[in-house]
1. When Ala174 is evaluated against the numbered criteria (1) modelled with pLDDT under 90; (2) open to solvent by 60 Å² or more (accessible area, probe 1.4 Å); (3) in contact with an Asp or Glu (Cβ under 9 Å, 6 or more places away or on another chain), which criterion, by number, is the only one it fails?
2. Can you tell me which of Leu182, Leu159, Leu132, Leu177 is under 16 Å from the mean Cα position of the chain (by Cα), aliphatic (A, V, I, L, M) and assigned to a loop (DSSP other than H, G, I, E, B)?
3. Looking at Leu31, Leu49, Leu111, Leu75, can you tell me which residue is open to solvent by 40 Å² or more (accessible area, probe 1.4 Å) and in contact with a Phe, Trp or Tyr (Cβ under 6 Å, 6 or more places away or on another chain)?
4. Quick test for you: out of Asp92, Asp82, pick the one residue that is closer than 16 Å to Ser43 by Cβ and open to solvent by 20 Å² or more (accessible area, probe 1.4 Å).
5. Residue by residue through the range 51-79, note down the ones that are aromatic (Phe, Trp, Tyr) and under 19 Å from Asn104 (Cα atoms).
6. Out of the residues in the range 75-100 that are at pLDDT below 95 and either hydrophobic (A, V, I, L, M, F, W, C) or outside any strand (DSSP E or B) (or both), which is nearest to Asp150 (Cα to Cα)?
Amino acid sequence: MKTILGYIISFVFLISGCSAQNQEKIELQRLCVSPDSEYILFSYSENNLFSIYRMRLDGGYAEKFIDTKNNLSFLNPSFSPDGKKVVFIGYDNDSFSSNIYISNSEGTEILQLTFGNQIITQVIFSSDGNKLYFNKAEEYDKYSPIGIKDAHNFDIYCLMLENNHVDRLTKIEAFQLSNISLMEFGKYIIMD
């Protein structure tokens, strides 16, 4: 575990140093570790376009796993419990609309699972790998004259992978909602 943490810290410092030299806007978001602890996936942006990268935890260089295309960014990856699939968010930089995508563990065979003008910011697999839990906001606005626009009125939803049926699980209409994870082998969904 200390080795993994060391790689992540080194990686963040490497990225930070590159941004200072290049003077272009770069950003690193959400890291996830494969179930076999061999790889990490992370979202990395250059000039506001996110791609997903993969890096071996025992060393080596980061490689593009899923590349941005047609002003569509890909971010917030998450592995399936068996490591054979990856889910992530596809985000349209022009409209703030986002949808859920899935691929195999090599980043190929990409399939879009949700469609429409919606604001989804995170998706994870259920502990059995048959469902996806995701958060979705109902509006993108600011609530104060000095505030900035952001996603608000979040709830948690469930997508059944066998038929793409979606159910709304909560009715909390949260101002913010992030960091969805499972607890007690998937018995509970927690978030902040």
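The values are calculated or read from the model by the stated rules, or taken from the named source; none is laboratory data. The shown structure was predicted, so the numbers you read here are calculated from the model rather than taken from an experiment. Glycine also receives a Cβ, built like all others from the backbone with ideal geometry; neighbour counts cover every protein chain displayed. Just the protein is used for accessible areas: all its heavy atoms, side chains included, with ligands, DNA and RNA removed. Shrake-Rupley method; radii C 1.70, N 1.55, O 1.52, S 1.80 Å.
1. Result: Ala174 fails condition (2) only.
2. On the way: Leu182 fails: assigned to a loop (DSSP other than H, G, I, E, B); Leu159 fails: assigned to a loop (DSSP other than H, G, I, E, B); Leu132 fails: assigned to a loop (DSSP other than H, G, I, E, B).
Exactly one of Leu182, Leu159, Leu132, Leu177 is under 16 Å from the mean Cα position of the chain (by Cα), aliphatic (A, V, I, L, M) and assigned to a loop (DSSP other than H, G, I, E, B), namely Leu177.
3. On the way: Leu49 fails: in contact with a Phe, Trp or Tyr (Cβ under 6 Å, 6 or more places away or on another chain); Leu111 fails: in contact with a Phe, Trp or Tyr (Cβ under 6 Å, 6 or more places away or on another chain); Leu75 fails: open to solvent by 40 Å² or more (accessible area, probe 1.4 Å).
On inspection, the qualifying residue turns out to be Leu31.
4. Values: Asp82 fails: closer than 16 Å to Ser43 by Cβ.
Unique residue meeting the criteria: Asp92.
5. Applying the first criterion (aromatic (Phe, Trp, Tyr)) to the range 51-79 yields 53, 61, 65, 74, 79.
Selection gives Tyr53, Phe65, Phe74, Phe79.
6. The extreme case among them is Phe96.
Residue-wise test of (1) at pLDDT 65 or above; (2) farther than 15 Å from Pro77 by Cα; (3) in a loop (DSSP other than H, G, I, E, B).
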position	(1), (2), (3)
Ile8	no, yes, no
Phe11	no, yes, no
Leu41	yes, no, no
Ile52	yes, no, no
Tyr61	yes, yes, yes
